[in-house]
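Some notes on the structure that comes next.
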Amino acid sequence: MNKGKLLLISLVALFAASCATDSVDESASVEQSAVAAKKFVNTSDNAEQGKLIIYVSEECATRLECSEVTRSGMTELDLLASDLGATSITPVFNLKVNGERKRAMGMDRWFVVNFPVQESLEGAADRLANIDYVEAVQFSTIIPRPVQQAVEFDPASIAQTRAEEYPFNDPGLYYQWHYINRGYVTLYPTSVAGEDINVEPAWKYTSGRPEIVVAVMDEGVCYTHEDLKDNMRANEAELNGVEGVDDDENGYVDDIYGYNFATNGRVSWGRDGDSGHGTHVAGTVAAVNNNGIGVVGVAGGSGSGDGVRIFSAQIFSGKQTAGYDATAQAAEYAADNGACILQCSWGFEPNAFSGDNMFVQGIAGVEYKAFQYFIETKNCDALDGGLVIFAAGNEGQPVAGYPGAYNDYIAVTAYAPDGLPAYYTCYDKGCNVSAPGGEYYLVGNSWAETGCVYSTLPNNTYGYMQGTSMACPHVSGIAALGLSYALDLGKTYTVDQFKSLLLTSVNSFDEDRFADFKANPEGGTLNLASYRGKMGTGKIDAYRLFMGIRGVSCIPVSTTESNTIDFNAFIGDGNVSMKMLDYEISDETREALGITYDAAFGGKLALECTKPGAGTITVGLVAGGKNVGGGMVTGGMRIEKEFAIIARPGVPVDENGQPQIPGGWL
């Protein structure tokens, strides 16, 4: 990949360096080291050898960009680079695309210095930091790759008991409890009906639009997969161009379905060390729906070419893993190539950055700048920027891993088919919302995988994985669905507005069950009280997001107790004075919620629901009096308002049967 001019060190500088001598007293050296230390963005822990990232002054950046390939034009930098035996100084970011905007953001001031690996990394960093016009030095920390291993699954091994119909004809949807949880204990012994993302009623409005593009920053996505290929976003210039040529002149060769930043080449998924992680994640976001094969994606469309689009911003490839510079380039590439959602199922362990420096070390640097650029890039008519969504981490710690813990990004925790926190999930500080991540369980002495998340794997295969890595793409998919629906309705949002809408479109955890203990598949038990109020705002709900976009109030009701709904409590500030005149419930809503009884009395609605589900009720109200006026009669005005009813187990009701929204989750 040609990322700009290759700035080789001149022979003149090499000669000058060989003749130079240093005579620095000890006190001056200590003072220089103290000054240098203030310029370090992070530490050298787990950093790439033979590489340093520097942030230079505007003048230096201009000279580096405009200099001849044989000379950088900055004497001190040339001398030091020559002394290190450096092979190149190259820009981190691709100024061929949106160059002026990137310069305005200071992205042109980041460079990578490459030198032989036998040179001391810390010594080179210290010497670079002592150059006045080098304003920051960053080690290129290697991103830890996810460790989940897929379990391929043959659907024929478990008989389907299709007592109910499904919205799409993909055979794997039955096994995707995380979308539609019917409580089938053959899939998970303690499965609870309704513990899912409530996407089925949302699909009745839209199942995705191709204008919405999601970049999967992960292992490479198998773009030839039978269940993904039709929802891959293709770079037509490269697809129809000459192999080995940068046909669209964007700085990347053969970037047809994305780019491999770990190897600087084409997207790959079958190298030694690859696990299928990126392909699995991609399937959850946008496997093609209703094509009669495989599985379903959250935003995979209806089988008519209308799913959201995805491409691969690859940072893991075989046993090669990107460092901070390549990760930054991947995020930049995602922004420059039309993505409005950056799907990131990876991150550092929560203890990787200690104490108060957790949000400072490693984040004030080049990758932070790239994520900022993504957030500030508009690639969707419904949103004024981009969403960055991370997995919270699988270490079971009371804090999200970096970078997900940073408050500009959404960090996703994981729950199991029983609706309780998964044994591995991180929680509490920095965690924003929860989604299905799945969970293995023991049958005798054997692991059973069907409580995990079912999705695509490379080479037209399918299988299970568990982790916050699997929870994360559920949120990315729901965000993509929501933006699709916003486009349908002509709605527009700022990034902050949409994040607020997304993170409040949730259902609560069952507080009563947090008094219990839960078996840990790896041994021992989990004290669920530790997770109370700490899994984020709640469990992400696609239908609630749609109702929020529509401007319709959502009312939670219980499937295990009788409900009495006072609609006034869900209008305005909850203290309005309106009288309910009548109501209308469609047959579709009655079926979806399993309504066995409904009646109006005292201006309220008594309702009994037997099935987890969602639907709308239209309520007639009188505004401005107790009775409707008309003709010679002075009275109130009849109005109609639509409410969304969401039935779930575990929704508490007060002594009067009024559904309650538990505190601590919203």
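Step by step: first the residues of the range 479-501, then only those that are assigned to a helix (DSSP H, G or I) and of a type outside the set (A, V, I, L, M, F, W, C), then the one that is farthest from the chain's Cα centre (by Cα). Which residue is that? Quick ask: steps written out before the conclusion?
As a first pass, look at the range 479-501 and keep what is assigned to a helix (DSSP H, G or I): 479-489, 495-501.
Filter again for of a type outside the set (A, V, I, L, M, F, W, C), leaving 482, 484-485, 488, 496-497, 499-500.
Values: Gly482: 14, Ser484: 17, Tyr485: 19, Asp488: 23, Asp496: 15, Gln497: 17, Lys499: 12, Ser500: 15 Å.
Looking at the filtered set, the residue picked out is Asp488.
Residues in the range 520-536 that are of a type in the set (Val, Ile, Thr) and either part of a helix (DSSP H, G or I) or at pLDDT 95 or above (or both): how many? Step through it out loud before you land on a result.
Going residue by residue through the range 520-536, those that are of a type in the set (Val, Ile, Thr) are 525.
Of the ones still in play, those that are also either part of a helix (DSSP H, G or I) or at pLDDT 95 or above (or both) are none.
The total comes to 0.
Take the residues in the range 206-238 that are more than 28 Å from Gly323 (Cα to Cα) and not in a loop (DSSP other than H, G, I, E, B), then tell me which one is farthest from the chain's Cα centre (by Cα).
Top of the filtered list is Ala237.
Can you name every residue in the range 198-224 that is within 20 Å of Gly265 (Cα to Cα) and of a type outside the set (Val, Ile, Thr)?
Hits for the range 198-224 are Ala215, Met217, Asp218, Glu219, Gly220, Cys222, Tyr223.
Just to be sure before I move on: is Thr284 of a type in the set (S, T, N, Q), outside any loop (DSSP other than H, G, I, E, B), touching a residue at least 24 places away in the same chain (Cβ under 8 Å) and farther than 23 Å from Leu239 by Cβ in the structure I sent?
On the way: of a type in the set (S, T, N, Q): yes; outside any loop (DSSP other than H, G, I, E, B): yes; touching a residue at least 24 places away in the same chain (Cβ under 8 Å): yes; farther than 23 Å from Leu239 by Cβ: yes.
Answer is yes for this residue.
Looking at (1) assigned to a loop (DSSP other than H, G, I, E, B); (2) modelled with pLDDT of 95 or more; (3) among the hydrophobic types (A, V, I, L, M, F, W, C), which one does Ala405 not meet, given that it meets all the others?
Unmet for Ala405, out of (1) assigned to a loop (DSSP other than H, G, I, E, B); (2) modelled with pLDDT of 95 or more; (3) among the hydrophobic types (A, V, I, L, M, F, W, C): (2).
Of all residues in the range 120-146, which are in contact (Cβ under 8 Å) with a residue 40 or more places away in the chain, closer than 24 Å to Ala322 by Cβ, in a loop (DSSP other than H, G, I, E, B) and not basic (Lys, Arg)?
Ile142, Ile143, Pro144, Pro146 - these are the residues of the range 120-146 that are in contact (Cβ under 8 Å) with a residue 40 or more places away in the chain, closer than 24 Å to Ala322 by Cβ, in a loop (DSSP other than H, G, I, E, B) and not basic (Lys, Arg).
Taking Glu211, is it farther than 18 Å from Ser455 by Cα and surrounded by fewer than 24 Cβ atoms within 10 Å (Cβ to Cβ)?
Numbers: farther than 18 Å from Ser455 by Cα: yes; surrounded by fewer than 24 Cβ atoms within 10 Å (Cβ to Cβ): yes.
The answer is yes for Glu211.
For the structure I just gave you, tell me whether Val298 is in contact with a Leu (Cβ under 9 Å, 6 or more places away or on another chain), surrounded by 19 or more Cβ atoms within 10 Å (Cβ to Cβ), of a type outside the set (D, E, K, R) and in a loop (DSSP other than H, G, I, E, B). Full working, then the answer.
Values: in contact with a Leu (Cβ under 9 Å, 6 or more places away or on another chain): yes; surrounded by 19 or more Cβ atoms within 10 Å (Cβ to Cβ): yes; of a type outside the set (D, E, K, R): yes; in a loop (DSSP other than H, G, I, E, B): yes.
For Val298, the condition - in contact with a Leu (Cβ under 9 Å, 6 or more places away or on another chain), surrounded by 19 or more Cβ atoms within 10 Å (Cβ to Cβ), of a type outside the set (D, E, K, R) and in a loop (DSSP other than H, G, I, E, B) - is met.
Got a sec? Which of Val97, Val112, Val117 is crowded, with 21+ Cβ neighbours inside 10 Å, touching a residue at least 60 places away in the same chain (Cβ under 8 Å) and not aromatic (Phe, Trp, Tyr)? Break it down into steps so the answer makes sense when it comes.
Working: Val97 fails: crowded, with 21+ Cβ neighbours inside 10 Å; Val117 fails: crowded, with 21+ Cβ neighbours inside 10 Å.
Being crowded, with 21+ Cβ neighbours inside 10 Å, touching a residue at least 60 places away in the same chain (Cβ under 8 Å) and not aromatic (Phe, Trp, Tyr) holds for just one of Val97, Val112, Val117, which is Val112.
Which one of the conditions (1) at pLDDT 90 or above; (2) surrounded by fewer than 18 Cβ atoms within 10 Å (Cβ to Cβ) does Pro91 fail to meet, given that it meets all the rest?
It is condition (2) that Pro91 fails.
Within the range 510-540, can you find the residues that are within 24 Å of Ile646 (Cα to Cα) and out of contact with any helix residue (DSSP H, G or I) (no Cβ under 8 Å at 6 or more places or on another chain)?
Selection gives Asp510, Glu511, Asp512, Gly533, Lys534, Met535, Gly538, Lys539.
Given (1) among the polar types (S, T, N, Q); (2) over 29 Å from Asp336 (Cα atoms); (3) assigned to a loop (DSSP other than H, G, I, E, B), where does Asn94 come up short, assuming only one miss?
(2)
From the list Gly533, Gly477, Gly523, Gly538, pick out the single residue that is of a type outside the set (Ser, Thr, Tyr), in the same structural domain as Ala282 (by TED's automatic domain parsing) and surrounded by 24 or more Cβ atoms within 10 Å (Cβ to Cβ). Step through it out loud before you land on a result.
On the way: Gly533 fails: surrounded by 24 or more Cβ atoms within 10 Å (Cβ to Cβ); Gly523 fails: surrounded by 24 or more Cβ atoms within 10 Å (Cβ to Cβ); Gly538 fails: surrounded by 24 or more Cβ atoms within 10 Å (Cβ to Cβ).
Of the residues listed, the single one that is of a type outside the set (Ser, Thr, Tyr), in the same structural domain as Ala282 (by TED's automatic domain parsing) and surrounded by 24 or more Cβ atoms within 10 Å (Cβ to Cβ) is Gly477.
For the range 181-205, how many residues are crowded, with 22+ Cβ neighbours inside 10 Å, within 21 Å of the chain's Cα centre (by Cα) and part of a loop (DSSP other than H, G, I, E, B)?
Qualifying residue count, the range 181-205: 5.
What residue, among those in the range 488-519 that are more than 23 Å from Tyr409 (Cα to Cα) and modelled with pLDDT of 95 or more, is surrounded by the fewest Cβ atoms within 10 Å (Cβ to Cβ)?
Looking only at the range 488-519, we keep the residues that are more than 23 Å from Tyr409 (Cα to Cα), and these are 488-490, 510-519.
Still in the running and modelled with pLDDT of 95 or more: 488-490.
Numbers: Asp488: 14, Leu489: 14, Gly490: 8.
In this case the residue turns out to be Gly490.
Is there a residue in the range 534-550 that is in contact (Cβ under 8 Å) with a residue 60 or more places away in the chain, within 15 Å of Pro421 (Cα to Cα) and among the small types (Gly, Ala, Ser)?
yes
The values are calculated or read from the model by the stated rules, or taken from the named source; none is laboratory data. Since the model is a prediction, treat every value here as computed from it, not as a measurement. Cβ coordinates were reconstructed from backbone atoms using ideal geometry, including for glycine residues, and neighbour counts include every protein chain displayed.
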